[in-house]
Amino acid sequence: MLNVNLRKESSLFGKAQLSAFVGGIVDYLTMLLYAEIFNVHYSLAIVAGGIVGAIVNFRINKKWTFQDESSDGTSQLLKFMLVVIGSIFLKSSGTVILSESTALDYKYARIIIDAIVCFGFNYTLQRRWVFGKSA
């Protein structure tokens, strides 16, 4: 029984990380577009990227990662939006703090902060709270 649960949890974790990676790539490229092409301050570009990446991530998680067809998704979407708001705040403020305090380029600081937020915040809340019933 433990082996089956461990396999299921490992599979969900892997799928969630792949989904987060795809959403993260969309997020990061959107950030670069706004910051580097449109000259928007990187902290605001992170917000724009976070919104676009979150939409991609939610759709993949609902349909593929957690295979949740049990509801129309309104409740999950509201919960997901709260997680995204927290995630964007952590990524934006964390990137600014790390970049400004270490003189590290924001693009590299963002990757470091993303890794921390992804594993420590996003996955846990999505797995247990947003998609908890079906997972």
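Think of a 1.4 Å ball rolled over the protein heavy atoms: the chain then has 58 Å² of accessible area per residue. Of all the accessible heavy-atom surface of the stretch 18-77, with the other protein chains kept in place and a 1.4 Å probe, what percent is carbon and sulfur? Solvent-exposed carbon and sulfur of the stretch 18-77 make up 70 percent of the total. Counted residue by residue at 0.36 nm each, then reduced by the alpha carbon distance between them, the extension gain from L77 to R128 reaches 16.9 nm. Averaging the Cα positions of each part gives two centres, and for the stretch 80-95 and the stretch 1-62 these lie 12 Å apart.
With a Förster radius of 35 Å applied to the beta-carbon distance between L29 and R7, the computed FRET efficiency rounds to 0.55.
The values are calculated or read from the model by the stated rules, or taken from the named source; none is laboratory data. Fair warning: this is a prediction, and the values are worked out from it, not measured in the lab. Note that each Cβ is placed from the backbone with ideal geometry, even for glycine, and that neighbours are counted across all protein chains shown. Note: areas computed on protein heavy atoms with side chains; ligands, DNA, RNA excluded. Shrake-Rupley method; radii C 1.70, N 1.55, O 1.52, S 1.80 Å.
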